[in-house]
Amino acid sequence: MSENATFQIHYFSTASAYTGKSTERLPAPLPVARLFDVLEERYPGMRKAVLGSCGLSVGDEYVDLDAELGVGQSSEGRVVIKEGEEVAVIPPVSSG
Amino acid sequence: MSNLPQQQQQQSDPSSPLPPHLDPITYPRIITDPTLNIHLTLTYTPLNPSNTLTHVFSPSAGANVLFLGTTRDTFENRPVAQLSYTSYPPLALKSMRRIAEEAVRTHNLTGLVIEHRLGVVPVGEASIAIAVSSGHRAAAWAAGEEVLERCKEGVEIWKREEFVDGGKCWRENRERDGEGNLITGSKS
């Protein structure tokens with residue numbers, strides 16, 4: 001729809017330390033399979049340093065990253081982040 | 001270092017305001033299940049263990065266990081000034097609820113409380129409180145430990161150690177076991 005369509009993405013822990021921010025907006029729609037490429041372009045080195053150990057949620061559900069980023073898949077992943085959705089990068093937790 | 005949680009400190013882009021569920025002003029966030037007698041809380045204010053326990057007391061409970069995780073003043077001999085916690089509540093409360101419901105059903109508990117403090121937690125103060133009650137002691141002891149370990153494994157909350165020397169470090173629970181020892185094979 002509009003050219004300014006975006007979704008909000010939140011960063012926590014090591015992900016927020018790497019990006020230097022806790023939240024931002026990125027252009028929507030965006031396939032989950034492309035998201036890590038977009039983040040790597042914006043924050044060079046982030047994939048190796050941070051994203052490799054992170055989960056990802058869209059809304060309040062985790063995305064199956066193995067399926068979405070699956071090695072050898074010819075087509076792009078099935079989950080597409082839509083305008084207005086809320087995405088979070090979830091590093092290994094340290095509650096308690 | 002201000003007392004503001006990390007989301008506020010790093011918030012700089014006015015085009016990306018925080019949604020209400022990440023805004024500390026909207027806390028505490030509390031979920032209760034009256035049927036299972038479950039109480040779950042995320043809060044930026046100090047925990048009150050006496051109040052925590054009152055949620056699990058009942059005539060049918062003969063055993064009441066309270067665990068408090070408090071900020072220790074050192075990490076590997078390096079003096080710690082304070083801890084700072086951030087959370088992603090949509091997932092954290094969902095995980096806490098799943099853990100709590102499973103524990104109540106598995107151990108036939110009469111009550112269960114999980115409370116986690118967010119933002120700055122000074123040395124000596126509690127970041128997590130778990131209270132469990134059951135008819136007899138075995139179930140309460142076992143469930144208390146199990147709930148804590150499952151929370152540390154999977155609840156979407158992150159701890160940053162802030163050292164007296166000014167350094168800061170995000171922690172990962174998967175790196176340490178219940179005795180504080182490094183788990184072989186974990187990252188870094």
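Here, each number is a calculation from the coordinates, and none is a lab measurement. As the structure is a prediction and not an experimental result, all values here were calculated from the model. All Cβ positions, even for glycine, are placed from backbone atoms using ideal geometry, and neighbour counts span all protein chains on display.
Using alpha-carbon positions, what is the distance between the centroids of the stretch A:17-74 and the stretch B:120-188, in Å?
Computed from Cα coordinates, the inter-centre distance equals 27 Å.
Could you check what % of the DSSP bridge pairs in chain A are antiparallel, to the nearest 5?
On the way: 13 of 17 bridges.
Taking every DSSP beta bridge within chain A, about 75 percent pair in antiparallel fashion.
Classify the stretch A:14-90 from the C-alpha gyration tensor, please: rounded if a/c falls under 1.5, else prolate or oblate depending on whether a/b exceeds b/c.
Oblate.
In the Gaussian network model of chain B, springs joining C-alpha atoms below 10 Å, which of B:ASN77, B:ASN173, B:ASN64 carries the largest mean-square fluctuation?
B:ASN77
Counting only C-alpha contacts under 8 Å and six or more residues apart, can you give the relative contact order of the stretch B:13-171 as a whole percent?
Details: 331 pairs, mean separation 47.4, N = 159.
Relative contact order of the stretch B:13-171: 30 percent.
In degrees from 0 to 90, rounded to the nearest 10, what is the angle of the helix B:137-154 Cα long axis to the longest principal axis of chain B?
30
Could you state the orientation-averaged shadow area of the convex hull built on the Cα atoms of the protein assembly as shown, in nm² to one decimal? Walk me through the numbers before you get to the answer.
Values: hull surface 67.7 nm².
The number I arrive at for the protein assembly as shown is 16.9 nm².
Provide B:TRP170, B:TRP158, B:TRP141 in ascending order of the number of other Cβ atoms located within 10 Å of each residue's Cβ, fewest first.
Values: B:TRP170 20, B:TRP158 28, B:TRP141 15.
Exposure proxy ranking, most exposed first: B:TRP141, B:TRP170, B:TRP158.
Quick one: in the stretch B:41-171, what % of C-alpha pairs are over 20 Å apart?
I get 46 percent for the Cα pairs in the stretch B:41-171 exceeding 20 Å.
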